[in-house]
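Trainee: Please find one structure pasted underneath; my questions will follow.
The values are calculated or read from the model by the stated rules, or taken from the named source; none is laboratory data. Owing to the predicted nature of the structure, the values given are computational and were not obtained by experimental measurement. As a convention, Cβ positions derive from the backbone with ideal geometry for all residues, glycine included, and neighbour counts pool all protein chains shown.
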Amino acid sequence: MATASDIRAAVVAGRLSDAAALTRPLVEALTGTSVESITFTSDAYALNSVSGRVYQADGAELFFKFHVEDGEQDNVSEYYRASVLADAGLPVEVPVAISAEPGQQFVLYEIRNEPRMVDVCLDVDRSAGPNAALSEPIEAARRDLDRRIGEVLVETLHVDSTGARSSLHQLFHHRLTDSVGAFPGGRYASWYLNDATFTSVADAHWTINGTSYASTLAELVAQARELMNPHTFADQPVVTAHGDDHHGNVWVINDDGAPSLRLFDPAFAGTDVPALLALVKPTFHNVFAHPYWIYHPDEVLLSDVTLSRDGEEIDVSDPLTLSPMRQQILDSIAQEAWLPLLCCMKERGLLPSNWRAIVRSALFLCPFLVTNLVAPERPELLRTIGLGHALATGSEPSAGTDPLTDILTWLEGQIAT
């Protein structure tokens, strides 16, 4: 039977009829119902997944999605553990059927016509530009979800050795290494190691919008190799979490005019998620990936960007700063989820002294390894700018500040009191 990787390869190659033929037996084996047809959706946010609709012979229509990772059968023991989120009391969409086996993992849901949070935010970005802001009801719904996530993180925080085996490491360290764990490998080696754009700036120091950064890209990769090694999480606390709950995996449900948010596609959910990694993906992707530069690079107004270089010093003036909407989202996850988690870890003596470096390292890998920032189809200037954006999430400033640094410093101050 075909693997999820086989199906994604066919979709990426544009062989949709072949992809449908490969998907059909997986769906029929899982549901016990014959399939009339399968269609695939085009989604800018599905950088590592495939989704679509299944039309069954009995008239039922289902939505499907599966996440695909290089080396998943070596590094992931089980996908789509949605039940652990529901058992913890998180609002999560309950699938109709799940195949959790690595290699043939996918999830089937009833059809929903509501938007995802990512769609809501993109509409606001496009209509309001730099003045984009969440409406009061949507902001309240975002805070409600972050508050419940924070409560579950605190309720489930505990220490055991399972953090070293968490499937979530697939999104971080395993993308830096090959199938046997050797560095360099994986996406880092295939995308960046021999790329001229990357190697030309790997040892450079950056100043972005007046803020100078202490680390180089090469130094951040070396740091991530050490700090993100799964073995370093063996003695750190774990929590129950979705782990990949960016806005592409969040439904906006409208009940009687009062919106609420509901999680779905919990490919890496578990009770063994390293506590300091649990909130990294939504923090980066819901805030710092916008507007556009990862998901919609053709919409970036590069005419407003200037870049100059003097030896190993790069200076960038870039208008892609946080809108009020992205600041609202950052404030929400920081105040409602990060703060209670870090305070609980500090009170229980479980907060590593280098927690800030660990969080920054994971944040850096979010853009760096989620998509090829130097892919030939990306505009030439944006390839370099994208690397600068990634660096700014991973490096502490040597002079000046930025919104991420400000929020980390605020959190540090709060947990110290």
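Trainee: Can you confirm whether I358 is more than 24 Å from Y295 (Cβ to Cβ), touching a Cys at 6+ places or on another chain (Cβ under 6 Å) and among the β-branched types (V, I, T)? Outline the logic, then answer.
Mentor: Values: more than 24 Å from Y295 (Cβ to Cβ): yes; touching a Cys at 6+ places or on another chain (Cβ under 6 Å): no; among the β-branched types (V, I, T): yes.
Here the answer is no, as I358 does not meet what is asked.
Trainee: Find the residue count for region 374-394, including only residues that are under 23 Å from G210 (Cβ atoms) and either surrounded by 17 or more Cβ atoms within 10 Å (Cβ to Cβ) or touching a strand residue (DSSP E or B) at 6+ places or on another chain (Cβ under 6 Å) (or both).
Mentor: Of the residues in region 374-394, 13 are under 23 Å from G210 (Cβ atoms) and either surrounded by 17 or more Cβ atoms within 10 Å (Cβ to Cβ) or touching a strand residue (DSSP E or B) at 6+ places or on another chain (Cβ under 6 Å) (or both).
Trainee: Next question. Can you list the strands (runs of 3 or more DSSP E) found entirely within region 209-297 that contain at least 2 residues being within 20 Å of G394 (Cα to Cα)? Even if it seems obvious, please write down each step before you answer.
Mentor: On the way: elements: 211-213, 237-241, 250-255, 258-263, 270-274.
In region 209-297, 211-213 are the strands (runs of 3 or more DSSP E) which contain 2 or more residues that are within 20 Å of G394 (Cα to Cα).
Trainee: Going through region 5-20 one residue at a time, which ones are over 19 Å from I98 (Cα atoms) and without any contact (Cβ under 8 Å) to a residue 24 or more places away in the chain?
Mentor: The answer is A9, A10, V12, A13, G14, R15, S17, D18.
Trainee: Let me ask something additional. Scan region 102-114 and give yes if some residue there is modelled with pLDDT of 90 or more and in a helix (DSSP H, G or I), otherwise no.
Mentor: Checked region 102-114: no residue is modelled with pLDDT of 90 or more and in a helix (DSSP H, G or I).
Trainee: So if I check each of V92, V50, V54, V76, which one is modelled with pLDDT under 80 and in the same structural domain as R8 (by TED's automatic domain parsing)? Can you show your working first?
Mentor: Working: V92 fails: modelled with pLDDT under 80; V50 fails: modelled with pLDDT under 80; V54 fails: modelled with pLDDT under 80.
V76 is the lone residue from the list that is modelled with pLDDT under 80 and in the same structural domain as R8 (by TED's automatic domain parsing).
Trainee: To continue, here is another question. Report, by residue number, each residue of region 100-121 that is charged (D, E, K, R), under 21 Å from the mean Cα position of the chain (by Cα) and under 27 Å from D6 (Cβ atoms).
Mentor: Passing the criteria: only R116.
Trainee: So which of L90, L85, L30 ends up being within 20 Å of D272 (Cα to Cα), assigned to a helix (DSSP H, G or I) and touching a residue at least 40 places away in the same chain (Cβ under 8 Å)?
Mentor: On the way: L90 fails: assigned to a helix (DSSP H, G or I); L30 fails: within 20 Å of D272 (Cα to Cα).
Testing whether each residue is within 20 Å of D272 (Cα to Cα), assigned to a helix (DSSP H, G or I) and touching a residue at least 40 places away in the same chain (Cβ under 8 Å) leaves just L85.
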